[in-house]
Amino acid sequence: MAGASKLQIAGGPIRYGMVGGGQGAFIGAVHRIAARLDNEFVLVAGALSSNPERAKASAAELGLDPERSYASFAEMAKVEAKRPDGIEAVAIVTPNNVHFPAAKAFLEAGIHVICDKPLTATLAEAKKLAALVEKTGKVFVLTHNYTAYPMVRQAREMVAKGQLGDIRVVHVEYPQDWLTDDLSASGNKQAAWRSDPKQAGAGGATGDIGTHAYNLARFVSGLELDSLAADLDAFVPGRLLDDNLQVLLRFKAEGEAPPAKGMLWASQVAPGHENGLKLRVYGSKGGLEWVQADPNYLWYTPFGEPKRLLTRGGAGSLEAASRFTRVPAGHPEGYLEGFANIYQEAARAIRAARGKGGKPPKGVIFPTVQDGVEGMAFIEACVKSSKRNGAWTKL
């Protein structure tokens, strides 16, 4: 097994709890699988649902001690912080509106936080949370899992090494089709909260998958966004939040090169697409293309030369990719492993913090609370721009 061998477990597994993720929830199970994959974490507590009966039943299914199944995240944070065997970290896997109050409660209780994206429901909340992370010094991990795919790390390193030259154009798209009909009207829980401004915030598809696309473009290119022009639509009649967005991007200039430009399209009403995340980056010396449906492959075209296929674990694989490669080349590796890689980086940071706030080893990279703030600024700017008929809007 290359690169991502199991970490040395010093001081035992990291005890963690979960907020949300009970019966009927999708993303909670994904987080639990990711946390287990390297035997770095053990789930010992949970406030798994806002419904007390569902929370209790969910805890029983997962084998949690009934005494550590809580009716609320506030109670959980308070009680676990006082236990000698209390949780060291919490995974927050709820609708967006709960992210801020839950993260705040655990940070103030001295507990590290692993939070699903987007960071919060509003930019104001995101900034408050960033200030609290700075104040407490706790580890805060945002689970933009696509940043932990091996060939995404490969692409990032190639850009950083200058193999593409000055970056000129960045194209990213994330189309889905699952909200083409009004699923929320039929009682679909996942669709319902994502279409509800009170739970999801101001962005529908923008917050749900647009932030993934934006984060991926920023992560690989290393560019900082200056302004954008966005056109948001809610095509399904009666839907309160956007289900399709098209955004023009202007990045900040770097050095003497002209500022790069970009395009972002995300949609949940594009029949024929499942999770069609795709990134293309073009520079003065060459281009890269990565497609999430074929995550083991990265297409690299040096200008004036034939197109080259780089594979995960194959010839030309850089250290950044090799470190996250779990199985031999040619075997599928993707979504769950990407999440597990984020948890593995979180474990490195949390273990380092056990030593009186020590810093994680060099090279440990994961999306932080600041990435979350940038994501919320992106959502806010998109909404503002679209309301002004696509006017260019600064972040």
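Taken together, the values in this text are just the output of simple stated rules run on the coordinates, not laboratory data. These figures come from a predicted structure and were not determined experimentally. With ideal geometry, Cβ positions are generated from the backbone for all residues, glycine too; neighbour counts draw on all protein chains shown.
Remarks
- Residues SER221, SER227, arranged from fewest to most other Cβ atoms within 10 angstrom of their Cβ, appear as SER227, SER221.
- Length added when fully stretched, ASP233-ALA185, from 0.36 nm per residue minus Cα-Cα: 15.4 nm
- The chain: equivalent-ellipsoid semi-axes (sqrt of 5 x gyration tensor eigenvalues, Cα, Å): 33, 26, 20
- Approximating the spin labels as points 7 Å out from Cα along Cα→Cβ, the GLU305-to-LYS394 distance works out to 4.1 nm.
- Candidates per chymotrypsin sites (Phe, Trp or Tyr not before Pro) in the range 272-355, loop by DSSP, up to 16 other Cβ within 10 Å: PHE303
- Extended-chain gain in nm, criterion 0.36 nm per residue less alpha-carbon gap, LEU336 and ALA57: 97.9 nm
- With a threshold of 24 Å on the Cα-Cα distance, the over-threshold entries among LYS117/LYS138; LYS117/LYS285; LYS82/LYS198; LYS117/LYS161 are LYS117/LYS285; LYS82/LYS198; LYS117/LYS161.
- Mean ellipticity per residue at 222 nm, deg cm²/dmol - from DSSP H runs of n ≥ 4 across the chain, formula -39500 (n - 2.57): -10000 deg cm²/dmol
- Calculated translational diffusion coefficient of the range 14-138 (20 °C, 1.002 mPa s; Stokes-Einstein with Kirkwood radius over alpha-carbon pairs) equals 150 µm²/s.
- Distance (nanometres) between label positions extended 7 Å along Cα→Cβ at ARG83 and LYS285: 5.3
- Sites ARG354 and PHE26, calculated FRET efficiency, Cβ-Cβ separation with R0 35 Å, nearest 0.05: 0.65
- The range 199-270 versus the range 76-92: alpha-carbon centroid distance in Å: 36
- Candidate aspartates and glutamates - alpha carbon under 17 Å from LYS359, same-chain residues fewer than 8 apart omitted: GLU88, GLU134, GLU345
- Extension gain from GLN370 to ARG36, taking 0.36 nm per residue of separation minus the Cα-Cα distance: 117.6 nm
- Neighbours of PRO361 by Cβ distance under 13 Å: Lys/Arg scored +1, Asp/Glu scored -1, total +4.
- Pair LYS362, ALA131: separation of 7 Å Cα→Cβ label points (nm): 3.5
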